[in-house]
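Here the structure is laid out as structure tokens; the discussion comes afterwards.
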Amino acid sequence: MRDPETPRRALVVLTGAGVSADSGVPTFRDAGGLWEGHRVEEVATPEAWARDPRTVWRFYQLRRAALATVAPNPAHDALAELEREMTARGHGFTLITQNVDDLHQRAGSTAIAMHGRLATLACERCGATTEDRENVDPERFVPCAACGHARLRPDVVWFGEVPRALDAIDRAVRSATHFAAIGTSGVVYPAAGLLSLARFAGAETHVVSLDAPENLHAADRFHPGRAAEVVPGLVRQWLDAW
Ligand code: APR
């Protein structure tokens, strides 16, 4: 229960690849944004899937296979604890992630996965989605069990596609009293615009990142460093104050 003297807080946290970097998941832009000589943006588009599905499938199957080799780190764990505590005390809490790796969910968070999830596949013909962590062979497509279509696609949002749950995200950010962007370079929209939107709506804004992100101007407080080291302390500070 919240101390009656403490006003209700509504915290929105947006995470990006930097949160999972300490779990060993490579970020997009730190390695030059290249994969086997392809720019990531060239592999992660509907046009690439239409033109060269084998290359796109291989890229995603390697990342899907890697899911089994990584685990949540102290930043994921601290955010899951923050959600449990905030909720128990009657505060608002929303976690939005751009990550497709599922580590927040495995740590126990209820995350809005705005760019989709690697652990699910989707049928481009009938729209059926299926949880699938088994079929990770980079050379074999997975057929749709619902309609028989020969080829499921990764259930992720590609460049040029519309991110998920934008209405819910917009509502949460506009009513936030506090907002934190963690481990995201602030270059991919609409996610990158949420920090400014939160500040415009009156929230106190925080950024945690190894390097200053592009949109740092919209942050009231910058906490430089590795997410796994900085986030647990920040969470403790918030929970002590709220
Ligand atoms: N702790 C905190 N921050 C880190 C760490 C770390 N251990 N390691 C890297 N970072 C920071 C980097 O300084 C960088 O600012 O995390 C950010 C990662 O940026 P990107 O690789 O651009 O990842 P992200 O912002 O999540 O990308 C957004 O772009 O490719 C698309 O759809 C994909 O969701 C992705 C989106």
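With respect to the stated conditions, LEU216 fails to be touching a strand residue (DSSP E or B) at 6+ places or on another chain (Cβ under 9 Å) and either crowded, with 20+ Cβ neighbours inside 10 Å or polar (S, T, N, Q) (or both). Please go through region 129-144 and give me each residue that is part of a strand (DSSP E or B) and either in contact with a Phe, Trp or Tyr (Cβ under 6 Å, 6 or more places away or on another chain) or touching a residue at least 24 places away in the same chain (Cβ under 8 Å) (or both), ordered by number. THR129 - this is the single residue of region 129-144 that is part of a strand (DSSP E or B) and either in contact with a Phe, Trp or Tyr (Cβ under 6 Å, 6 or more places away or on another chain) or touching a residue at least 24 places away in the same chain (Cβ under 8 Å) (or both). Considering only region 212-242, how many residues are within 13 Å of GLY183 (Cβ to Cβ), of a type in the set (Gly, Ala, Ser) and outside any loop (DSSP other than H, G, I, E, B)? Number of matching residues: 2.
In region 177-191, the residues that are more than 26 Å from TRP242 (Cα to Cα) form Cβ pairs under 6 Å with partners that are in a loop (DSSP other than H, G, I, E, B) and within 6 Å of the ligand (Cβ to nearest atom), at six or more places apart or across chains, as follows: SER185/ARG29; SER185/PRO213; GLY186/PRO213; ALA191/GLN98. Filtering ALA192, ALA180, ALA176 for residues that are under 15 Å from the mean Cα position of the chain (by Cα), at negative phi, outside the structural domain of VAL56 (by TED's automatic domain parsing) and not in a helix (DSSP H, G or I) leaves a single hit, ALA180. Considering only residues in region 209-229 that are aliphatic (A, V, I, L, M), under 13 Å from VAL19 (Cβ atoms) and in contact with a Pro (Cβ under 8 Å, 6 or more places away or on another chain), the one that is nearest to the ligand (Cβ to nearest atom) turns out to be LEU210. If you check VAL12 against the conditions, is it β-branched (Val, Ile, Thr), not assigned by TED's automatic domain parsing to the domain that holds VAL230 and not in a loop (DSSP other than H, G, I, E, B)? Criteria not met by VAL12. Residues that are part of a strand (DSSP E or B), open to solvent by 60 Å² or more (accessible area, probe 1.4 Å) and of a type in the set (D, E, K, R) are absent from region 155-172.
Does any residue of region 149-156 turn out to be of a type in the set (Val, Ile, Thr) and either without any contact (Cβ under 8 Å) to a residue 60 or more places away in the chain or within 23 Å of ALA218 (Cβ to Cβ) (or both)? Within region 149-156 (the criterion being of a type in the set (Val, Ile, Thr) and either without any contact (Cβ under 8 Å) to a residue 60 or more places away in the chain or within 23 Å of ALA218 (Cβ to Cβ) (or both)), the answer is no, since none of the residues qualifies.
For region 57-77, a tally of residues being out of contact with any Ser or Thr (no Cβ under 7 Å at 6 or more places or on another chain), within 14 Å of the ligand (Cβ to nearest atom) and of a type in the set (S, T, N, Q) returns 0. Considering HIS178, HIS206, the condition of being away from the ligand (no atom under 16 Å from the Cβ) and open to solvent by less than 20 Å² (accessible area, probe 1.4 Å) is satisfied by HIS178 alone.
The values are calculated or read from the model by the stated rules, or taken from the named source; none is laboratory data. Quantities reported herein were computed from a predicted structural model and do not represent experimental measurements. So basically every Cβ, Gly included, is an ideal-geometry build from the backbone, and we count neighbours across all protein chains shown. Areas reflect the complete protein model, heavy atoms only, side chains present, ligands, DNA and RNA absent. Shrake-Rupley method; radii C 1.70, N 1.55, O 1.52, S 1.80 Å.
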